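**Q** Sharing a structure below in structure tokens format, with a few things to ask.
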Amino acid sequence: MTVDRQFLLLFVLSIPIASISWTVTHEEVFREPREWCAAKSKSCRSIVACKFFYLFTCEYCFSHYVTAFFLFITRYKLLFDDWRGYLISGFSLVWVANVYMNFFSRLRLDIRVDRLGIAAAEAEKGGEVGKGEDKPGGPGA
């Protein structure tokens, strides 16, 4: 496989890794299991059990396991055709997937800020209308 194709696959394979990691650790569809895992990670006596349950609440941690799964099913290697290729591709996929998740998080934050700004502007506009000038039966009627 050419190096160009390897790098193309790096950026393409990172998309489903980021998507799965983000969905499990942030989206509403997995809220109940995630909350249960968060509670278990705080109440377990064994450090191994704590870390196991914590991984379902942290997108960075979870992305390592999703990446390992994708490396297993795709046999994707970066730059080398032996174990070093798996090692480099694993960390590279995690890094790119986390960059994607960071971009998505910033995009969601920007959208939320825009929505709050619009809501504030509409509320301010609604307050001006409520003063009586434009209401039926008000001073101008």
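The values are calculated or read from the model by the stated rules, or taken from the named source; none is laboratory data. Keep in mind it's a predicted model, so treat the numbers as computed, not measured. Counting neighbours? That spans all protein chains shown, and the Cβs are built from the backbone with ideal geometry, glycine included.
**Q** Spot the failing condition for residue 70; the list is (1) surrounded by 14 or more Cβ atoms within 10 Å (Cβ to Cβ); (2) not in a helix (DSSP H, G or I), and only one is missed.
**A** Failed condition: (2).
**Q** Can you pull out the residues in the stretch 66-116 that are among the charged types (D, E, K, R) and touching a residue at least 24 places away in the same chain (Cβ under 8 Å)?
**A** 77
**Q** Within the stretch 74-86, identify whether any single residue is in a helix (DSSP H, G or I), of a type outside the set (Gly, Ala, Ser), buried (at least 19 other Cβ atoms within 10 Å of the Cβ) and touching a helix residue (DSSP H, G or I) at 6+ places or on another chain (Cβ under 6 Å), and answer yes or no.
**A** no
**Q** Across the stretch 27-56, what is the number of residues that are within 24 Å of residue 95 (Cβ to Cβ) and either among the aromatic types (Phe, Trp, Tyr) or surrounded by 17 or more Cβ atoms within 10 Å (Cβ to Cβ) (or both)?
**A** The number of residues fulfilling the criteria is 6.
**Q** A further question on this structure: I'm trying to understand the selection: among the residues of the stretch 41-88, which are over 23 Å from residue 103 (Cα atoms), at pLDDT below 90 and touching a Phe, Trp or Tyr at 6+ places or on another chain (Cβ under 7 Å)?
**A** 41, 44
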